[in-house]
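The values are calculated or read from the model by the stated rules, or taken from the named source; none is laboratory data. Model, not experiment: these values are computed from the prediction. Note: ideal-geometry Cβ built from the backbone for every residue, glycine included; neighbour counts use all protein chains shown.
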Amino acid sequence: MSQPGVRDYIGSARISLRELKVHKKLEKTFELFDEERRACGSVYLSLRIYDAKEYAYNNTLDSYSNVAQSKMIINGVVTSIVNKFARAGLEDIDHIIGMLFMKDNSGQQRVTRAMFKEFVLQDMSVEGLNENQVDIFLKTHDLLSQRELISKHELRAIFEFPFMEARNRLIEEEAHLPGP
């Protein structure tokens, strides 16, 4: 009781999770019982089990956990891409971004999401990334989520600093390798 003389306890129900585990969903009305095991009402429950990655990809990311998950995916995509770019041996992110923009035949200095995805997954063959991750990145990144066309400036804003960090790490690692 949260207030004197007023009951705020409705009751309890026993719910077997086996059906939920087997069918990935459970939609059912359950009888409620009070503290003396008397029937005191019912409750309708609808429960589902989702694959978190698939759910984030297929649904708008508006809850805290989905936003947190999308941030992890964004960071993972950026890290994978800049590590690949750093290993490409080019000193400047603009050279790599320039390779992507050679795909732009419109003269607008913008590329589509599909061009970006093809560049990352096929042309650069960035390891550890799949199409769903790149789609989530494009769908949820603050600079890209509302755009169908992507500019050099936007890509530079996303990748320039992480690329420099990855390039510096690579140089540092190579400096610590034993010589011949």
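Table for the structure above
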item	result
Among (1) in a helix (DSSP H, G or I); (2) surrounded by fewer than 11 Cβ atoms within 10 Å (Cβ to Cβ) - the single one Ala157 does not satisfy	(2)
Selected residue [more than 21 Å from Ile73 (Cα to Cα) and not in a helix (DSSP H, G or I)] from Gly107, Gly128	Gly107
Matching residues, the range 114-143, being surrounded by 16 or more Cβ atoms within 10 Å (Cβ to Cβ), in contact with a helix residue (DSSP H, G or I) (Cβ under 6 Å, 6 or more places away or on another chain) and without any contact (Cβ under 8 Å) to a residue 24 or more places away in the chain	Lys117, Phe119
Unique residue being in the same structural domain as Lys71 (by TED's automatic domain parsing), closer than 18 Å to Phe85 by Cβ and either at pLDDT 90 or above or outside any helix (DSSP H, G or I) (or both) when the list is Ala166, Ala114	Ala166
Residue within the range 85-101 that is more than 21 Å from Leu149 (Cα to Cα), crowded, with 16+ Cβ neighbours inside 10 Å and either touching a strand residue (DSSP E or B) at 6+ places or on another chain (Cβ under 7 Å) or touching a residue at least 60 places away in the same chain (Cβ under 8 Å) (or both) present	yes
Asn75 being at pLDDT below 85, part of a helix (DSSP H, G or I) and of a type outside the set (A, V, I, L, M, F, W, C)	no
Subset of the range 8-48 [modelled with pLDDT under 80 and either exposed (fewer than 10 other Cβ atoms within 10 Å of the Cβ) or within 30 Å of Asp135 (Cβ to Cβ) (or both)]	Asp8
Qualifying residue in the range 139-162 (condition: over 23 Å from the mean Cα position of the chain (by Cα), among the aliphatic types (A, V, I, L, M) and within 16 Å of Thr79 (Cα to Cα))	no
Meets criteria (touching a Leu at 6+ places or on another chain (Cβ under 7 Å), part of a helix (DSSP H, G or I) and more than 18 Å from Met72 (Cα to Cα)) for Leu121	yes
